[in-house]
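S.K.: Okay, handing you the structure first.
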């Protein structure tokens, strides 16, 4: 089972997707399951995890509805208001659908760099374990020091680092990102998605060699049993096609054993997100 651990769907509108600037005009349109399915098939993947793109409860409802009608969507990482006193009700509602496997908050868009350490946010994270949900960490490198404190507070919570924390691949500047990734990987409950890299590179002029330093850091520290491949489709298409993006990782890991390849290409996603339950 090959699983793309990270992709998005959306009905485009300028108000809710203001982050899509003029340089990203290629993704200023709707992206639905029927758009992704041929890409998955052509690349040899069996299913995907769809991840929230809007911080609205309606987003989670919509993604779960899509997953219900499209079996290749194996799980949904949705959004709930982790700071709200209504959180238990939200979790009860959404976890009635077994396709909800995790939640995410767009930390890197918060004006407060210390948002993830707020008491109300931490209280929300504390409740996820009661529902068997993972938490996807979406941050910039500057947030990694706080992330170390964050994950340390929840040794029993499963965390997945999205997009390897978005290092500066374009300029090949990997410190202090590298040192902080080494520290983060020491927490056994933290996993990492090999995703979102092409959009941190030079969109027009990237080369396969540009990704080797960060791939080496992640694989060396997390190991093949705690990383998973992800496309970040359709965002990735501003810089490369779906198959090209997935090929970047697959080309790098082809030197690994068949068992290790299977872990990275699907088994880890199935395990951490409990897709086989």
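S.K.: Determine whether region 203-216 contains at least one residue that is under 18 Å from residue 107 (Cα atoms) and modelled with pLDDT of 95 or more.
M.R.: No, that holds for no residue.
S.K.: Another question, then. Filter region 233-252 down to the residues that are touching a strand residue (DSSP E or B) at 6+ places or on another chain (Cβ under 8 Å) and part of a helix (DSSP H, G or I) and list them by number.
M.R.: 242, 245, 246, 249, 250
S.K.: For region 219-232, which positions are in contact with a strand residue (DSSP E or B) (Cβ under 6 Å, 6 or more places away or on another chain) and part of a helix (DSSP H, G or I)?
M.R.: 222, 226
S.K.: Applying the selection to region 253-268, what residues are outside any helix (DSSP H, G or I) and either buried (at least 22 other Cβ atoms within 10 Å of the Cβ) or out of contact with any helix residue (DSSP H, G or I) (no Cβ under 7 Å at 6 or more places or on another chain) (or both)?
M.R.: Hits for region 253-268 are 254, 255, 257.
S.K.: So residue 274 clears everything in (1) over 22 Å from residue 169 (Cα atoms); (2) free of Cβ contacts under 8 Å to residues at least 60 places away in the same chain; (3) part of a loop (DSSP other than H, G, I, E, B) except one condition, right? Which one?
M.R.: With respect to (1) over 22 Å from residue 169 (Cα atoms); (2) free of Cβ contacts under 8 Å to residues at least 60 places away in the same chain; (3) part of a loop (DSSP other than H, G, I, E, B), residue 274 is out only on (2).
Table: residues versus (1) without any contact (Cβ under 8 Å) to a residue 60 or more places away in the chain; (2) closer than 19 Å to residue 230 by Cβ; (3) buried (at least 18 other Cβ atoms within 10 Å of the Cβ); (4) out of contact with any strand residue (DSSP E or B) (no Cβ under 7 Å at 6 or more places or on another chain).
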{"position": "105", "(1), (2), (3), (4)": "yes, yes, yes, yes"}
{"position": "118", "(1), (2), (3), (4)": "yes, no, no, yes"}
{"position": "128", "(1), (2), (3), (4)": "yes, no, yes, no"}
{"position": "147", "(1), (2), (3), (4)": "yes, yes, yes, no"}
{"position": "169", "(1), (2), (3), (4)": "yes, yes, yes, yes"}
{"position": "182", "(1), (2), (3), (4)": "yes, no, no, yes"}
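S.K.: When residues of region 184-233 are filtered for being at positive phi and in contact (Cβ under 8 Å) with a residue 60 or more places away in the chain, how many remain?
M.R.: So the answer is 2.
S.K.: Next question. Quick one: count up the residues across region 229-248 that are under 15 Å from the mean Cα position of the chain (by Cα) and farther than 17 Å from residue 36 by Cβ.
M.R.: Of the residues in region 229-248, 0 are under 15 Å from the mean Cα position of the chain (by Cα) and farther than 17 Å from residue 36 by Cβ.
S.K.: Look through region 107-116, keep the residues that are surrounded by 15 or more Cβ atoms within 10 Å (Cβ to Cβ) and part of a loop (DSSP other than H, G, I, E, B), and return whichever of them is farthest from the chain's Cα centre (by Cα).
M.R.: 113
The values are calculated or read from the model by the stated rules, or taken from the named source; none is laboratory data. Given the structure is predicted, the values throughout are model-derived calculations rather than measurements. Positions of Cβ are backbone-derived with ideal geometry, glycine not excepted, and every protein chain shown enters the neighbour counts.
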